[in-house]
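J.: Structure incoming, see below.
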Amino acid sequence: MPHDHGHAHIDPQSGDRRVSIAIWANGLLTVAQIVGGILSGSLALIADALHNFSDMASLVIAFFARKIARRPADKRMTFGYGRVEIVAALINYTTLILIGFYLIYEGGMRMIDPPEVQGWTVVILGGVALVVDTLTALLTYSMQKGSVNIRALFLHNLSDALASVAVIIGGSLILLYNMRWVDPAITIGIALYILYLAFTEIGGPIRTLMLGSPPDIDNETVVQAMRGVDGVADVHHVHLWQMQEHEAALDCHVVLTADGWGQIEKIKAAIKDRLKDDFSIGHSSLEFEHEDRAHENADLYGHGKPEKEEENHVHRDTDSS
């Protein structure tokens, strides 16, 4: 069954402009919140300003990651630079987790001793923050469907927008009822939501960086598809991973029958076509073995047996594509 890796395609320059706008917007918001927090005596606003500063840092990381990822492969980075976006996503999710725990700590401390806050300042700047966070989220929404890096950024901004709503509600309750405990209580709730988002999403980048198999491809089905090609007796030492976020790759040993040994090129083409058409695996490296001299009891996945067994086997490497 073909695997659809479809995602939103946005012109790189247009995407860069969107991220640039978001960086400037978050930078101005951070300055405004720090000034407002100092003037109003609101530690909550200053804490939210630090949160937005982390968002701006995340935007900067994402911006440069996008540019670096477009560099072609070279002798230093033979696989290219595409994974820098995965690294950026991991950094951003890790930042979200740290922020979540920090907000829980701050919220807990304020529940014990809620500080005096000028409600109107909180409400006004909370409204400004909501507008900026919503704008940033909208700028990155269509881009996040095709990039784990931008998705991490989008979730950053989404959590900010929710936090801004909480700040407005908290400021309003302080104005109306002097319920100062509401602000830290809402902060803890938002922090728990941030942690939920981060821990839910961080597994993807970690899996890719750990050379895990693509989550949308069933390994057993791939193996059976290769075994089903005429002339193939078995496969082993299978490695299936993601070179980049939307680029799957495979290498393995293919054991050929005696009749198939004389048709290596034909069988190679058949396997590669099946991998590409059925699983969107565009890069595959295949090493062929004759069934009479194939590895015995070889592992299906991984690197296989000790080197001392290698001299007893006949291999024929093929070009990868």
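J.: So, of the residues in the stretch 60-87 that are in contact with a Gly (Cβ under 9 Å, 6 or more places away or on another chain) and crowded, with 20+ Cβ neighbours inside 10 Å, which turns out to be modelled with the highest pLDDT?
T.: Only one residue fits best here, namely ILE86.
J.: Here's something else I'd like to know. Just to be sure, is TYR196 among the hydroxyl-bearing types (Ser, Thr, Tyr) and in the same structural domain as GLY100 (by TED's automatic domain parsing)?
T.: Here the answer is yes, as TYR196 does meet what is asked.
J.: Same structure again: Would it be correct to say that LEU96 is more than 22 Å from GLY189 (Cβ to Cβ), surrounded by 16 or more Cβ atoms within 10 Å (Cβ to Cβ) and in contact (Cβ under 8 Å) with a residue 40 or more places away in the chain?
T.: Here the answer is no, as LEU96 does not meet what is asked.
J.: Mind checking which residues of the stretch 231-252 are buried (at least 19 other Cβ atoms within 10 Å of the Cβ) and within 30 Å of VAL84 (Cα to Cα)?
T.: HIS237, VAL238, LEU240, GLN242, GLU245, ALA248, ALA249, LEU250, CYS252
J.: Something else about it: Out of the stretch 221-263, which residues are in contact (Cβ under 8 Å) with a residue 40 or more places away in the chain, among the acidic types (Asp, Glu) and closer than 19 Å to HIS295 by Cα?
T.: ASP234, ASP251
J.: Given the conditions (1) buried (at least 17 other Cβ atoms within 10 Å of the Cβ); (2) at pLDDT 90 or above; (3) on the phi < 0 side of the Ramachandran plot, report the number of the one that GLY228 does not fulfil.
T.: (1)
J.: Can you find, within the stretch 19-34, the residue that is nearest to the chain's Cα centre (by Cα) among those that are among the hydrophobic types (A, V, I, L, M, F, W, C) and at pLDDT below 80?
T.: VAL19
J.: Select from the stretch 155-170 the residues that are crowded, with 24+ Cβ neighbours inside 10 Å and within 27 Å of ARG70 (Cα to Cα) and write down the one among them that is nearest to the chain's Cα centre (by Cα).
T.: So the residue we want is HIS156.
J.: Same structure, new question: Residues GLY41, GLY15, GLY37: which one is surrounded by 20 or more Cβ atoms within 10 Å (Cβ to Cβ), at pLDDT below 80 and farther than 22 Å from ALA65 by Cβ?
T.: GLY37
J.: Moving to a separate point now. Name the residues in the stretch 271-286 that are exposed (fewer than 14 other Cβ atoms within 10 Å of the Cβ) and either over 28 Å from the mean Cα position of the chain (by Cα) or within 18 Å of GLY80 (Cβ to Cβ) (or both), would you?
T.: ASP273
J.: Output the number of the condition that ILE194 fails; it satisfies all remaining conditions of (1) within 30 Å of GLU289 (Cα to Cα); (2) buried (at least 20 other Cβ atoms within 10 Å of the Cβ); (3) out of contact with any Cys (no Cβ under 7 Å at 6 or more places or on another chain); (4) among the hydrophobic types (A, V, I, L, M, F, W, C).
T.: ILE194 satisfies every listed condition except (1).
The values are calculated or read from the model by the stated rules, or taken from the named source; none is laboratory data. Everything numeric in this text was worked out from a predicted model, so none of it was measured. Quick reminder, even Gly has a Cβ in these numbers, built from the backbone with ideal geometry, and neighbours come from all protein chains shown.
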